[in-house]
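Worksheet: the structure to be examined is printed underneath.
The values are calculated or read from the model by the stated rules, or taken from the named source; none is laboratory data. Remember, it's a predicted structure, so these values are computed and weren't measured experimentally. As a convention, Cβ positions derive from the backbone with ideal geometry for all residues, glycine included, and neighbour counts pool all protein chains shown.
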Amino acid sequence: MKSFTAPSRFARVAAMIVVEKRNVRRALSLICLSSLAGCSGYASDYWRPKGHLIAPQLARYGMSGTEAQCVEEHLTKALGVKALRQLSDLADRLQPGGNNPATFRPYDFAYVAGLAKDPEIGTETRKALQGCGLSLYAPRPAASPPPPPPVQTAPGAGPVVAPPPAAAVPANGDRPPLWVNLGVAPTGQGIAIDAASIVNTPSYREAWFRLLNGDRANVGDLGYRLRIDCAGHTITALAGRKYAPNGRLIEQKEYARPEGPMPMEKGTVLEIAFRGVCT
């Protein structure tokens, strides 16, 4: 009679397969923890050519042909997979229309790269654009002569020249604003950041932010220039703005005394602003 006390050849092979599968799972788990920072969502980024992360965004920002190939080669050599994914995700959040341009250009891509938490991303993006012969700045609009003021004639008097209408406050110097919606707080209020206005320093981040009504982009009449201390988790308001319903800036006020620093409060748009530039 055949004995079953010792495992058969089939059983031994099956046992080896089980052990091997456990080893593979354990190895993948270690890779996830050490290299992929969790593996959720973007694990496939590490198994495909790095160019797939950034090439679609270059096309969205008006780069094609040899220009796009040049920028892609520089970025894929200078940045790792995690940094390229962060840059791609940030670039994808900028949507055309509303108060934003209908189409984007390479200098818009440079502004968006400045939102990245890792300053190397913005630095290498600017190097790539300049090295490939692309401008980092929007062209200055051609100055047009002001229209002649209307002439009014008062009864029994000579002609009276009406005063010219008050000029609107320039939105952001020569840079057109690029509003990126950062999200909506539990209160239902949203907030957006002007990517063209961001200033990065070793100790703080500073930019113009605009309050939104819910998640509808470019809706809201109030804005603030905020200085955010990422290490100290504080926010200081330096100036305020008021916008017309069509997005035109109609008033700007620099605060004689900055408001803050204020602690970053959870569950508010200030937390969303903090996370948008610091995490």
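Suppose we filter segment 77-112 for residues that are among the charged types (D, E, K, R) and touching a residue at least 40 places away in the same chain (Cβ under 8 Å); how many remain? Spell out how you get there, then give the answer.
Step one: filter segment 77-112 for residues among the charged types (D, E, K, R), giving 77, 82, 85, 89, 92-93, 105, 108.
Narrowing further to those that are touching a residue at least 40 places away in the same chain (Cβ under 8 Å): 82, 85, 93, 105, 108.
Residues meeting the conditions: 5.
Answer yes or no as to whether L270 is at pLDDT 90 or above and among the aliphatic types (A, V, I, L, M).
Numbers: at pLDDT 90 or above: no; among the aliphatic types (A, V, I, L, M): yes.
It is false that L270 is at pLDDT 90 or above and among the aliphatic types (A, V, I, L, M).
Residues in segment 89-112 that are within 22 Å of G183 (Cβ to Cβ) and surrounded by 21 or more Cβ atoms within 10 Å (Cβ to Cβ): how many?
9
So the check is Cβ under 8 Å with 6+ separation or different chains; which pairs have a first residue in segment 227-244 that's farther than 16 Å from S197 by Cβ and in contact (Cβ under 8 Å) with a residue 40 or more places away in the chain and a second one that's charged (D, E, K, R) and part of a strand (DSSP E or B)?
Note: pairs meeting the criteria are C230/R205.
Across segment 48-66, what is the number of residues that are among the charged types (D, E, K, R) and without any contact (Cβ under 8 Å) to a residue 24 or more places away in the chain? Steps first, answer last, please.
Residues of segment 48-66 that are among the charged types (D, E, K, R), as a first pass: 48, 50, 60.
Going one step further and asking which of them are without any contact (Cβ under 8 Å) to a residue 24 or more places away in the chain, we end up with 48.
Of the residues in that region, 1 qualify.
Of the conditions (1) touching a residue at least 60 places away in the same chain (Cβ under 8 Å); (2) within 19 Å of E206 (Cβ to Cβ); (3) surrounded by fewer than 16 Cβ atoms within 10 Å (Cβ to Cβ), L115 fails just one. Which one is it?
Just one mismatch for L115, condition (3).
Would you pick out the residues in segment 226-244 that are within 25 Å of Q86 (Cβ to Cβ), within 21 Å of the chain's Cα centre (by Cα) and of a type outside the set (S, T, N, Q)?
L226, R227, I228, D229, C230, A231, H233, I235
For G247, all conditions in the list (1) farther than 13 Å from Y204 by Cα; (2) touching a residue at least 24 places away in the same chain (Cβ under 8 Å); (3) more than 22 Å from the chain's Cα centre (by Cα) hold save one; what is the number of the exception?
Looking at each condition in turn, G247 falls short on (3).
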